[in-house]
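No value in this document is a laboratory result; all are computed from the given coordinates. Just so we're clear, the structure is a prediction, and the values are computed from it rather than from any experiment. Please note: Cβ atoms are built from the backbone with ideal geometry, for glycine as well, and neighbour counts cover all protein chains shown.
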There are 2 protein chains.
Amino acid sequence: MSSSKRVADSTVRRLSLYLSFLEELEQTGASTVSSDMLARLGGTTSAQVRKDLSIFGSFGKRGLGYDVEELTSKLRGILGLEQSWRVCVVGAGKLGLALAQYPGFAEKGFHVAAVYDAAPARIGTKWDSLTVRDARDLAGDASAEHFDIGVIAVPSEAAQSVADQLVAAGIHAIMNFAPVQIIVPPDVVTRTVNMALEFEALSFALANWSR
Amino acid sequence: MSSSKRVADSTVRRLSLYLSFLEELEQTGASTVSSDMLARLGGTTSAQVRKDLSIFGSFGKRGLGYDVEELTSKLRGILGLEQSWRVCVVGAGKLGLALAQYPGFAEKGFHVAAVYDAAPARIGTKWDSLTVRDARDLAGDASAEHFDIGVIAVPSEAAQSVADQLVAAGIHAIMNFAPVQIIVPPDVVTRTVNMALEFEALSFALANWSR
DNA sequence: GGATGTGAATGTCTTCACAGCT
DNA sequence: AGCTGTGAAGACATTCACATCC
C-alpha cells in the first residue's frame, strides 16, 4: 500500500503488461487466471509474476489463481490509472499530433488538455477540439489548468529548455521524445523514449549476430 | 572482438547515448574526452562508462582520456552503424509515415527501402520516393530486396500476423510499435516500443509520489 | 491437488578502489 | 598528477523450492 520501498522499473513495466493481458482476458469472459498463464503471455516466469504482485499485496487465492476482475482493478489502482491525468504536449509537429489524436491514449486516462508550440505558423491551428497555443503561455496557463504530465515533442536543441519551462510550471512528470538526455530536479520524474536508441540496439544485435 | 559474451541491454543503450554525445563533441572540435565527462552527459558514473567500453576493448589512454574521433568510430563499429541497414515498414498509417520521413533515421544508416499496407485505399499512395506496396507482396519482395529490419506499425490485432510474415520472409530483426508482446523464433531479435507502457510508468510514479 | 506467497540461493549489473600507464 | 582498466565488493533482480492455504 503506497509503501516506501522503491519499485524496480522492470517491475512496473511488467505490471503494465499484465494489465493489458488482463483487459483482453476480461473480454473473453475468463473469470480467473494463474500466474503461469500471465507469465506465458508476458514472456516471463510464474515466480516472477508472483513476486511482482506480492510487492503490493496478496491478490490471489492459493489453489485457484487470481480473480481477473479484481486483479485488473488492483493493477489499475497501483499504476494510477483510476484517475485521469491532465497532459500538456509541447511541440505541435507530427509526433505531437499523433499523440494528441491517438485514441488509446485517452482511453487509458491520459487526457491531452493543451498543445503548445513556439512557431507562429502553428499557433492558432486547430486539431479536433484543441487549439495550438503559444509556448510562452505555458507558465501562465499551468497554475490554472494544473497539468500532471508534460510531453516534450520538440527537436533536440529545444528539449532542455522546454523541460525547464515544464518544471518551472510546476509539472512533476515529463515524457521526453527528443533523443537527448534531459536534466531535471530530483522531485521530477522523467522518461525518455528514444527511437534512435532502439534501432541502434537492433543494429547492434544484427552486427553481433555471429555471437 | 565480436566476442561471445552476452552484452546487457542497458549497456547497449548507454553506448548509443555515448555515441550521440561524441557526435556532438566532434562538432565542437573537442579532440579528447574523459569517462567522467561522458558520465556527466549521460547521467551515469565514470566507472560505468569505463566498464561499458572495456567490454569491447581498451580505447582510452591513461592520464588522457579517449580520443573523440577514434572512440566515435569504434562505437559506430560496435553498434553496427558503419553499414547501412535496409528497413521495410509494414503499416502505412501515421506512425509508418513519420518513420519513413524522419531524416535522422536515414542519417544513422537506416534506409527505408519499402513500405507495405493491407488497406487497398493506401496501396499505391506515394510518399516522397516511396510507393506503398501491397502487404501480400512482402514475402515475394523480400528475397530480392534483402531487408535487414522489419518495422511493425500496424494495429495490435495485426501485429503477430505481420511478425510471422516478416519472419517467413527471412528477416531477423523486428522493431515492433504495436502495444503487444510478439512471439518469434529464437534466431530473431525483437524490440517493442510501447508508448502506453511508458506513460503508465509515469502514471505509477505520480500515483506513488507520496513515496 | 493445485496454485499462491515468500525466504533463500543464484545470477546479473553497478559501484568501489586502486594498480598501472602516460 | 591525471585518468584508464579491472578485480573485488556490494546492490539489485530473478529463479528455486517449498510451506501454506483453498
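Values for this structure:
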| item | result |
| --- | --- |
| Per-residue Cβ neighbour rank within 10 angstrom, fewest leading, B:Ser58, A:Ser20 | B:Ser58, A:Ser20 |
| Dipole axis of chain B (+1 Lys, Arg; -1 Asp, Glu on Cβ), positive-most option in B:Leu166, B:Val188, B:Val151 | B:Val188 |
| Peptide B:186-199, shielding by other chains (average Cβ, 10 Å cutoff) | 6 |
| Cleavage-rule hits, chymotrypsin sites (Phe, Trp or Tyr not before Pro), segment B:137-211, DSSP coil, Cβ neighbours within 10 Å at most 16 | B:Trp209 |
| Simple label model, 7 Å out from Cα along Cβ direction - B:Glu26 to A:Asp36, nm | 5.4 nm |
| Cβ neighbours within 10 Å from other chains - mean over A:69-80 | 2 |
| Environment charge of B:His172, counting only residues whose C-beta is closer than 10 Å and scoring Lys/Arg +1, Asp/Glu -1 | -2 |
| Volume in Å³ per residue [convex hull over Cα atoms, computed for chain B] | 167 Å³ |
| Computed over segment B:9-78, Kirkwood Rh from alpha-carbon pairs, angstrom | 11.7 Å |
| Gyration tensor verdict on segment B:73-190 (Cα atoms; rounded if a/c is under 1.5, prolate if a/b is larger than b/c, oblate otherwise) | oblate |
| Cα pair distances of segment B:146-211 binned at 10 Å [whole percent] | 21, 42, 19, 13, 4, 0 |
| Sorted peptide list for B:96-106, A:109-119, A:185-195, criterion being average Cβ within 10 angstrom, highest first | A:109-119, B:96-106, A:185-195 |
| Span-like helix ranges in chain A, DSSP H, alpha carbon extent 30 angstrom or more, Kyte mean at least -0.5 | none |
| Position A:Gln27, label points 7 Å along Cα→Cβ, spacing to each other copy in nm (shortest first, one decimal) | 4.4 |
| For segment A:144-207 and segment A:2-69, distance of Cα centres in Å | 29 Å |
| Segment B:1-49, dipole about Cα centre (Lys/Arg Cβ +1, Asp/Glu Cβ -1), debye to the nearest 20 | 300 debye |
| Environment charge of B:Asp141, counting only residues whose C-beta is closer than 12 Å and scoring Lys/Arg +1, Asp/Glu -1 | 0 |
| Calculated FRET efficiency for the pair B:Lys61/A:Glu69, C-beta based, R₀ 56 Å, to 0.05 | 0.35 |
| Nm distances between copies for A:Gly93, ranked from closest, using label points 7 Å along Cα→Cβ | 2.2 |
| Loop-located trypsin sites (Lys or Arg not before Pro) in segment B:1-78 whose Cβ has at most 10 other Cβ within 10 Å (DSSP) | B:Lys5, B:Arg6, B:Arg62 |
| Peptide B:94-102 - average C-beta neighbours from other chains (10 Å radius) | 3 |
| GluC sites (Glu not before Pro) restricted to segment A:66-104 and DSSP loop, no more than 12 other C-beta within 10 Å | A:Glu82 |
| Cβ-vector label at 7 Å, A:Asp67, separations to other copies in nm | 6.8 |
| Neighbourhood net charge (14 Å Cβ-Cβ; Lys/Arg +1, Asp/Glu -1) for A:Ser161 | -2 |
| Simple Cβ-charge dipole of segment B:85-197, Lys/Arg +1 and Asp/Glu -1, about Cα centre, in debye nearest 20 | 260 debye |
| Under-5 Å amide H pairs with A:Trp127, H placed in peptide plane, nonlocal only | A:Val132 |
| Globularity index of the protein assembly as shown, i.e. its alpha-carbon radius of gyration over 2.2 N^0.38 Å | 1.02 |
| Proxy reagent accessibility, fewest Cβ within 10 Å first, across B:Leu166, B:Leu38, A:Leu81 | A:Leu81, B:Leu38, B:Leu166 |
